[in-house]
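Accompanying notes for the structure given below.
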Amino acid sequence: MSDVINTEIIIVGGGIGGLAAALALANIGKHVCVLEQAAEIAEIGAGIQLGPNVYKMFERLGLVDEINSISSFPESLMMRDSMTGESVIEIPAGKQFKQQFGFPYAVIHRADLHGVLLKKCQTSDKIELRTGAKVTGIEESDTGTSVTTEQGLRVNGGALVGADGIWSTIRQYVVGDGDARVSGHVAYRAVIRAEDMPEALRWNSMCLWAGEKSHLVQYPMRGGELFNLVAVFHSDKFTQGWNDFGDNEELERRFAGKCPEVLSLLGKIESWRMWVLSDREPTRDWVKGRITLLGDAAHPMLQYLAQGANMAIEDAICLADMLVNENGDYAKAFIRYRDARYLRTTRVQMQARLYGEIYHASGAVRDFRNAELASWSDEKFYTGMSWLYDIQPSWRDQ
Ligand SMILES: Cc1cc2nc3c(=O)[nH]c(=O)nc-3n(C[C@H](O)[C@H](O)[C@H](O)COP(=O)(O)OP(=O)(O)OC[C@H]3O[C@@H](n4cnc5c(N)ncnc54)[C@H](O)[C@@H]3O)c2cc1C
């Protein structure tokens, strides 16, 4: 027998973006229903970097203390050349970062971040969470929207937020731009215990080993108990894939010739999880009447600026603020939300592609990258990143 739920706002997707949106909307008094296709609302075992910009959003959600209690705070952000092992640049990320941007640079286990959002959603009487609810059908009228799930659930609401990730069903309804763009880069991810890391590399830093057509990222999590490792390389072998097992033989081949430190890190992992990295061309088509997109559904990006989840959480706060500004008029609020967000997210999408090229440079471009970054002062770095980190905490009309 089919089941029917009536709510004010339907959110499709229970990832970081969908849960942040649920909290932001509940905070302005909206009843929301979050529909997640997976049997359980959860995140994968990997790390996530948090810029000071997203901390301003955590402050709006009343989550700063809780996030701080389970985050790690790297002392620096480093780039090393993975061919030679030499340091290219090291920027202080501790006190100076906080002084500059008001909040620190942090790293966190994805499951911990997602868990904080989920726990808060579960304690709200305004948020209904439904798992095992894969949205397949969408209908709209002048007064509302409805979705149906593969499992036979129907949800009626005044508006719909598609927070269903890079392969978004809602995006296909709103934009209709087909498959995501496969970048040709793949990421292998693993989390290891600190005692299994080579002792000389147990730094409290976010370190990116930049190499030719590849790079490796390492940083500690859970107060230094764990380390997150992400190996990225160019590959034509995979055209699609998500959270699948990696191919160790290909990884070894792609990292052949890298410095001993990088090889020693790779050698520590027996089993990697593989992600085929994809994005989409930026668009302003985020809105169709009472339906809008958020997070990766709206602006999927390569992870080279470590900002996809940060942007999704910013979206959530902006969306709720615009609904307040427009007294709950969904169509008007969604357009204002899109207008407030899309240039910024387009910049991050474009810059992330460029960063990928810089991280993977070879020959003269690699020499230029290393010489240029080595000449940067801390202040030059901070000034260069201020467009990203120095965001306003609110979109409310004065
Ligand atoms: C290697 C890697 C490293 C990264 N590092 C960082 C980082 O350091 N910092 C950062 O900010 N970002 C990072 N990102 C990006 C970040 O992971 C994403 O931008 C973020 O998870 C997007 O969140 P979301 O909620 O929009 O989408 P998702 O996390 O994809 O969530 C979408 C949810 O919708 C559900 N769903 C999909 N379709 C349906 C449907 N039809 N019905 C119901 N539910 C559905 C899915 O099951 C999923 O739970 C990284 C990404 C990668 C690949």
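The values are calculated or read from the model by the stated rules, or taken from the named source; none is laboratory data. From a predicted model like this one, the values you see are computed outputs, not experimental measurements. Cβ: placed from backbone, ideal geometry, glycine included. Neighbour counts: every protein chain shown. Accessible surface is based on the protein model in full, side chains and every heavy atom, while ligands, DNA and RNA are left aside. Shrake-Rupley method; radii C 1.70, N 1.55, O 1.52, S 1.80 Å.
Of the set (1) in contact with an Asp or Glu (Cβ under 9 Å, 6 or more places away or on another chain); (2) in a helix (DSSP H, G or I); (3) among the acidic types (Asp, Glu), all apply to Asp397 but (2).
When the residues of segment 32-47 are narrowed to those that are farther than 23 Å from Arg193 by Cβ and in contact with a helix residue (DSSP H, G or I) (Cβ under 7 Å, 6 or more places away or on another chain), which ends up surrounded by the most Cβ atoms within 10 Å (Cβ to Cβ)? The selected residue is Val34.
Looking at (1) farther than 30 Å from Asp378 by Cβ; (2) within 16 Å of the ligand (Cβ to nearest atom); (3) of a type outside the set (A, V, I, L, M), find the lone condition where Lys126 falls short. If we test Lys126 against (1) farther than 30 Å from Asp378 by Cβ; (2) within 16 Å of the ligand (Cβ to nearest atom); (3) of a type outside the set (A, V, I, L, M), just (2) comes out false.
Which count do you get for residues in segment 165-181 that are within 14 Å of the ligand (Cβ to nearest atom) and open to solvent by less than 40 Å² (accessible area, probe 1.4 Å)? Qualifying residue count, segment 165-181: 7.
Within segment 262-279, the set of residues being closer than 18 Å to Tyr219 by Cα, out of contact with any Ser or Thr (no Cβ under 8 Å at 6 or more places or on another chain) and either open to solvent by less than 60 Å² (accessible area, probe 1.4 Å) or not in a strand (DSSP E or B) (or both) comprises Leu263, Ser264, Leu265, Leu266, Gly267, Lys268, Ile269, Trp272. On the basis of being open to solvent by less than 10 Å² (accessible area, probe 1.4 Å) and away from the ligand (no atom under 16 Å from the Cβ), does Met221 make the cut? It is false that Met221 is open to solvent by less than 10 Å² (accessible area, probe 1.4 Å) and away from the ligand (no atom under 16 Å from the Cβ). Restricting attention to segment 305-348, which residues are open to solvent by less than 10 Å² (accessible area, probe 1.4 Å), within 11 Å of the ligand (Cβ to nearest atom) and assigned to a helix (DSSP H, G or I)? Passing the criteria: Asn310, Met311, Ala312, Ile313, Glu314, Asp315, Ala316, Thr345, Val348. In this structure, Ser141 qualifies as surrounded by fewer than 20 Cβ atoms within 10 Å (Cβ to Cβ), of a type in the set (S, T, N, Q) and closer than 26 Å to Lys332 by Cβ. Scan segment 172-222 for residues that are over 18 Å from the mean Cα position of the chain (by Cα) and part of a loop (DSSP other than H, G, I, E, B) and the total you get is 12. Within segment 236-257, the presence of a residue that is touching a His at 6+ places or on another chain (Cβ under 6 Å) and charged (D, E, K, R) is excluded. Answer with yes or no whether Met57 is away from the ligand (no atom under 15 Å from the Cβ) and of a type in the set (A, V, I, L, M). The answer is no for Met57. Listed conditions (1) surrounded by fewer than 17 Cβ atoms within 10 Å (Cβ to Cβ); (2) touching a strand residue (DSSP E or B) at 6+ places or on another chain (Cβ under 7 Å) are all met by Arg290, apart from (1). Counting the residues of segment 48-72 that are touching a residue at least 60 places away in the same chain (Cβ under 8 Å), under 12 Å from Ala106 (Cβ atoms) and open to solvent by 10 Å² or more (accessible area, probe 1.4 Å) gives 3. Could you check how many residues of segment 97-110 are surrounded by fewer than 17 Cβ atoms within 10 Å (Cβ to Cβ) and not basic (Lys, Arg)? Summing the residues that are surrounded by fewer than 17 Cβ atoms within 10 Å (Cβ to Cβ) and not basic (Lys, Arg) in segment 97-110 gives 2.
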